[in-house]
Structures are given as C-alpha cells and as structure tokens.
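Down below is the structure, laid out as structure tokens.
The values are calculated or read from the model by the stated rules, or taken from the named source; none is laboratory data. Here the structure is a predicted model, which is why all the values come from computation and not from measurement. We place every Cβ from the backbone using ideal geometry, glycine too, and count neighbours over all the protein chains shown.
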Amino acid sequence: MRGISQRILAHPKYSKSLEWGKLIFMTGAAQVLVQATGLLTGIFIIRMLPTQEYAFYTLANTMLGTMTILADGGISSGVMSQGGKIWRDRTELGKVLVTGMELRKKFAVFSLLVAVPVLVYLLWLQHAQPWVIILIVAALIPAFFSALSDSLLETIPKLHQDIKPLQANQAKVGLFRLFLSSASVFIFPFTFIALLANGIPRIIGNFRLRKMALRFADTSQPVDPVYQTEILKMVKRRLPGAIYYCLSGQITVWLISILGTTRAIAQVGALSRLGMVLSVFTVLFATLVVPRFARAASNKILLTSNFVKIIVVLVAVCTIIMGIVYVFPDQLLWILGKQYADLSGALLFSILGSCLALITGCIFSLSTSRGWVINPAISIPVNLITVVAGIIFMDISTLNGVLLMNIMVSSGQLLLLLAFFIIKLNGIKDDE
C-alpha cells in the first residue's frame, strides 16, 4: 500500500496537479483577501457618499479606466508577448520593460488630453460645480500615474511565476485602501476624497512592485529599438480596438450619463460593485494562466487542449455565479443599501454582462499573449453592428434597457473573439 502511494506521489500528473493546486490556493487565498477589501471599500463608499457624489465617483472611475486603456494601447500585451520569449534573460527582459515604460509615458500625455475634457463635460452635464470638477480631475492624477506602471511592472514577476510577493503586495495595497477610505470618506463624504484614498495606496504599492521587477529585469538598460518596433506593432494592431473599447466597453455609463439621470448613474455604479467578485477570477487568470500560455511551445494539440479546459472552467464558474444571483438577489442588494433594494432584475442583467465580459477578456488575454490580435477593420464594424442593433431594439433611456444592450454588445464581442481564436489555433504550425 505504501509503495502504491509513493508511485502515485511520484507520478508526473500528480506532481503537476499538486503544483497547480498550491498555486491556485495561494493566489486564490490572496485574491479573496484583495477582492474582499476592494468590495468592502466599494460598499463603504456606496453607503457613505450621497447619491449625487456617488454618480460623480462612477463617472470618474469610468474615465480612469478609459485613460488607463488609452495610455496602454496594447503596450502591456506587447511587453508580455516579447518578455515571454526571453523571460530567462535578465538583461533582455530589462530592455523590454524599460522600452514599454518609456512608450507608456508618451501615450499618457495623449490619454490625458483626450479623457480629461470628456470627464469635465460629463460632470458638467450632471450639474457638478466648477470647483468640484477641478478637485475630481486633480484627485484622479495619482491613481492614473500609478496605473501607468503597475500593469507593466507586474508582468515581470508573473512571467517568472514569483506569485507570493506579488499577491502580498496587492493584499497590502487593498488593506491600506480600505483603511484610508474608511477613515477619510466617513469624515469627508466627497468624490475627490474617495479618489485620493484609492490612488495613494497604489502609488506606494508600485514602489514595492519596482523592487520585485528588479530581481528579474535589469532596468538600467536603454530603450531598445528592436523591442520598441515589436511592441509598436502590437500597439498598431490593438490601439484602434482599444479606442473603440473605451467607447463600447463603458457604453452603459456613457449612455446613462447622457440620456439618464444622476440616480441611474449611481445605480449602474453600485451594481457594478457586486460584479467585482468576478475580479478574483480575472486576477487568478492573468497571474497563473496567461503567462504560462504566453511561454508555451507552439504546439496546436497542447494549446487547443488547454484552451478547451480554460473555457469549460470559465463557463462553470459563471454558471454558478448566475445561479447564486438568481436565488439570492434581495440579500445581495441589501449589501448596497436600501436606496438600491428595487434593482433585482437589473442586478441579474448586470452580473450576466459581467460574466460575458469575464470570458471575453480571458480569451482576449490569451490571444494577445501569443501576439494574436484581430484586425480592427473586422472587429470594430462587427461590434458597431451590435451597438446599433442594441440602440434600435432596446429602450436605452432606462436602466434595464441599457444593461440589456450591454449584454448584446458583450455577446457579439465574445463570439467574434472566440471565432478568431479558433482560427488562429487551427493555423498553428508546430515547433516540433
């Protein structure tokens, strides 16, 4: 019996399963803490901010996401793709990182010039006072500049699967954000205070991320023209789609902010907070799965098998989450507060949209990690058709109508990316 046990323990598949089990448990436990603190912070802000202030907060956070996407433009995917090829070489990895950081600084200026005027206009539409607008824009700056570097710096420990310190840093940032938000927003229930409480911990966390990256990448290297060219190739393929995503990915908030009421904006923001639970799986995926997929050999059978397993797990997770939301809507809405208690139908639509976005985002990350980017000349027209169809067939002046439109758009994006990924898999010529 003991001999059988030893043979089982020595079996390669058992060892691999045990390794994955440890990684998932370690990363999952840390992410439960990170996302729990994030959820508690979000719920605290929802309950403490007046409806109008929370509407401002929703608009500002949405614009922060837009600014970050524009400032990236595909740079982080390019760094992951190039880094996956030379991840064992500290000098070359340093060149890739430094080149990506330099490119992102230039893109940041463009992002600010585009996004800030739009945010000012949307806040003005919601009757924000000029001094309030100025404070909100100024408070976004710390969070924006920290977002410029954290996703690139995280790429290095992810490629080396140095997970423990990465997760510890995220947990510390989350706990500090919770403490700072609780202490500040409780006394000063204003949007700009909540934004500052979100940005300052991220800046501190970035100092730790830089130290982690230095273990595996020599950042004293100069910008490399070859890597810059390769990263910019990724940017050229992704930037049009990123610009489009800035419009379509947040279309719910954009339409509500223009056609709806301040209360409706607050409702959309509050419902999206419950969708943050899915962020646990997004981070697990980005930390454990995407880097390994980027490093994997170009073997059609292996990549196809892994892709099918990933999709099955994602669908199973989303099915369980939708079942919980369907059975316990009142209990989940209680978390948000009594002013959102009548949104059970909207909650189901919101979480369904989040689940579709989760699966779509995971497929997109897998695709870009291999350097596969769908031609914007194909993706944008197809997505525009779904947007136009949603505007025609849905009552986008209502909360439920906008959420249903979001589901339609997300479904179109998912089907398009899935078809593209399958085509790329079928076109692989094995290394071996």
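Listed values, structure above:
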quantity: Region 80-108, residues that are at pLDDT 85 or above and β-branched (Val, Ile, Thr); calculated: 91, 96, 98, 99
quantity: Unmet criterion (only one of (1) within 24 Å of residue 86 (Cα to Cα); (2) part of a helix (DSSP H, G or I)) for residue 161; calculated: (2)
quantity: Residue check for residue 364: in contact with a helix residue (DSSP H, G or I) (Cβ under 7 Å, 6 or more places away or on another chain), farther than 19 Å from residue 418 by Cβ and not acidic (Asp, Glu); calculated: no
quantity: Flag if residue 288 is of a type outside the set (Lys, Arg) and surrounded by fewer than 17 Cβ atoms within 10 Å (Cβ to Cβ); calculated: no
quantity: Selection count, region 156-186, where residues are among the hydrophobic types (A, V, I, L, M, F, W, C) and either under 22 Å from residue 141 (Cβ atoms) or in contact with a strand residue (DSSP E or B) (Cβ under 9 Å, 6 or more places away or on another chain) (or both); calculated: 7
quantity: Residues of region 380-418 that turn out to be among the small types (Gly, Ala, Ser) and under 18 Å from residue 361 (Cα atoms), as a count; calculated: 3
quantity: Residues that are of a type in the set (Gly, Ala, Ser), buried (at least 23 other Cβ atoms within 10 Å of the Cβ) and assigned to a helix (DSSP H, G or I), drawn from region 61-75; calculated: 71
quantity: Residue, surrounded by the fewest Cβ atoms within 10 Å (Cβ to Cβ), within region 112-136, restricted to residues that are hydrophobic (A, V, I, L, M, F, W, C) and in contact (Cβ under 8 Å) with a residue 60 or more places away in the chain; calculated: 125
quantity: From the options 214, 209, residue that is crowded, with 22+ Cβ neighbours inside 10 Å and part of a helix (DSSP H, G or I); calculated: 209
quantity: Sole residue being within 22 Å of the chain's Cα centre (by Cα), of a type in the set (Ser, Thr, Tyr) and either over 23 Å from residue 163 (Cβ atoms) or modelled with pLDDT of 75 or more (or both), chosen from 305, 272; calculated: 272
quantity: Some residue of region 360-367 being assigned by TED's automatic domain parsing to the domain that holds residue 271, modelled with pLDDT of 80 or more and in contact with a Lys or Arg (Cβ under 8 Å, 6 or more places away or on another chain); calculated: yes
quantity: The listed residue being surrounded by 18 or more Cβ atoms within 10 Å (Cβ to Cβ) and over 21 Å from residue 368 (Cβ atoms), out of 193, 204, 156, 187; calculated: 193
quantity: Residue within region 141-151 that is crowded, with 21+ Cβ neighbours inside 10 Å, at pLDDT 85 or above and of a type outside the set (Phe, Trp, Tyr) present; calculated: no
